[in-house]
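Structure, as structure tokens:
Each value in this text was obtained by applying a stated rule to the coordinates, not by laboratory testing. Here the structure is a predicted model, which means the values were calculated and not measured. Counting neighbours? That spans all protein chains shown, and the Cβs are built from the backbone with ideal geometry, glycine included.
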């Protein structure tokens with residue numbers, strides 16, 4: 001073992017933890033900002049254990065009230081997600097887990113391929129299988145055979161993408177990044193060529209040495225799948241690029257340069273972020289700086305484009321460091337093909353727009369971790385991993401929502417209120433998280449819902465609700481929006497209470513009706529449609 005490198009790594013990790021701890025000591029926890037511009041939805045995050053004990057997963061509304069919880073085996077896992085069927089999915093080590101809404105395990109498979117490990121995140125495909133990122137052991141000689149300059153770095157893994165059988169964990173398909181490299185250092189090697197003539201290949205000696213030099217080589221740190229195009233998008237952190245590859249290939253085709261819908265096998269179909277890597281630009285045209293979490297945008301004003309969290313590490317910028325989310329039009333055609341412009345670059349080389357706060361005083365920055373999700377209303381939801389801030393930003397650069405966590409979230413997910421997972425489950429808000437302020441006109445129900453036999457709630461077609469009171473001397477009723485905010489809070493002794501809904505925006509709402517004398521209550525959930 002190289003003890004000098006090992007000790008440097010330990011020092012770097014301790015320094016990183018110290019800086020993160022200091023950041024936490026300086027920020028207010030809980031709900032910081034809540035405006036009408038926020039997307040109506042629910043946020044998933046994990047609360048870590050002590051490394052050996054259980055970890056809790058929380059789903060909260062925009063007020064910080066708990067909607068559902070799950071527990072996991074311990075803290076050593078990555079990127080939990082809620083599937084459309086309501087299951088929670090996450091990985092720990094080489095094992096993929098699924099738990100249903102009621103916190104019961106419904107699936108568990110373990111990858112058993114010597115020298116290969118799961119990493120970062122997984123996607124569940126429409127066929128039920130899992131698409132996963134992995135790291136595969138790669139020897140020094142194998143790197144030398146690709147023309148890699150070992151004087152720059154000494155990695156010992158390369159990145160792979162695998163499709164795993166959801167019952168057996170058998171690898172059904174694999175793409176290996178090392179099969180798609182080029183270099184211009186050694187003409188005796190098979191991947192020798194002119195870099196600028198092969199934008200479909202990755203220059204193995206363009207791997208950055210600014211970022212940490214542990215075992216990773218290219219370092220894929222996030223991905224997405226587009227079932228319509230049958231394509232996979234990958235964030236290649238150490239090249240500051242996102243790339244797109246063909247998933248319609250066989251494993252054999254994925255290792256070469258022919259086959260699949262594209263006819264290009266596993267070669268790169270599209271890339272963006274750092275055109276100098278393939279001889280089509282200069283450093284001044286670089287757009288990405290050690291990014292994470294690429295996504296195809298599936299809804300909202302940017303549908304069909306792509307976005308990613310641009311960390312901003314090593315950005316040549318005079319002023320405060322900042323992270324952001326570029327939104328890029330790939331100019332893909334109906335057949336899934338991409339083209340080069342007159343400068344030899346993919347797309348136009350420019351982002352469609354950048355999401356970040358317009359006021360530099362509100363800039364956020366995370367050199368590692370983090371992610372972004374585009375919301376249906378056009379907002380961008382950020383996980384700022386190093387400071388554990390969850391921030392939703394409008395297209396105009398205003399902060400619509402901010403929630404600060406007291407622990408490392410790595411990357412959180414926000415789901416719109418109409419996400420299929422929520423169609424047939426209880427979404428009644430529970431207790432506030434303990435570090436959440438109740439100063440945002442939110443409500444929490446502290447008594448058990450038992451129903452009120454004296455009350456009949458009728459939702460009429462003309463956008464009104466009637467509360468029919470047969471016996472109670474007085475009742476209280478509260479109308480809440482999907483964020484948990486109070487829109488109407490009153491008491492009445494009338495036998496018939498009519499609530500007009502025509503002024504409400506389309507979305508999810510809750511009517512909370514209570515007997516003030518006993519604390520018994522009932523909740524009526526409904527969806528207000530567009531007028």
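Relative contact order for the chain: 13 percent, from Cα pairs under 8 Å spaced at least 6 residues apart, divided by residue count. Placing pseudo-labels 7 Å out from each Cα toward the beta carbon at residue 500 and residue 69 gives an inter-label distance of 4.2 nm. Subtracting the Cα-Cα distance of residue 186 and residue 230 from their residue separation scaled by 0.36 nm leaves 12.3 nm. The C-alpha atoms of region 111-288 occupy a region whose extents along the principal axes are 44, 32, 30 Å, arranged from largest to smallest. Here the spin labels are modelled as points 7 Å beyond Cα on the Cα-Cβ line, and at residue 298 and residue 490 they lie 4.1 nm apart. Could you tell me which of rounded, prolate or oblate describes the chain, using a ≥ b ≥ c as the square roots of the eigenvalues of the alpha-carbon gyration tensor, with rounded for a/c under 1.5 and, failing that, prolate when a/b is larger than b/c and oblate otherwise? Prolate. Please find the FRET efficiency linking residue 110 to residue 471, where r is the Cβ-Cβ separation and R0 is fixed at 56 Å, and quote it to the nearest 0.05. Calculated value: 0.45. The relative contact order of region 334-443 comes to 17 percent, based on Cα pairs under 8 Å that sit 6 or more residues apart.
With the simple model of a label 7 Å out from the Cα in the direction of the Cβ, residue 165 to residue 359 spans 5.7 nm. Extension gain for residue 252-residue 173 works out to 27.5 nm (0.36 nm per residue, less the C-alpha to C-alpha distance).
Applying 1/(1 + (r/R0)^6) with R0 = 51 Å to the Cβ-Cβ distance of residue 117 and residue 341 gives a FRET efficiency near 0.85. Calculated mean residue ellipticity, 222 nm, the chain: -2000 deg cm²/dmol, from DSSP H runs (n ≥ 4) at -39500 (n - 2.57) each, averaged per residue and rounded to 500. Relative to the longest principal axis of the Cα atoms of the chain, helix 3-26 runs at roughly 30 degrees.
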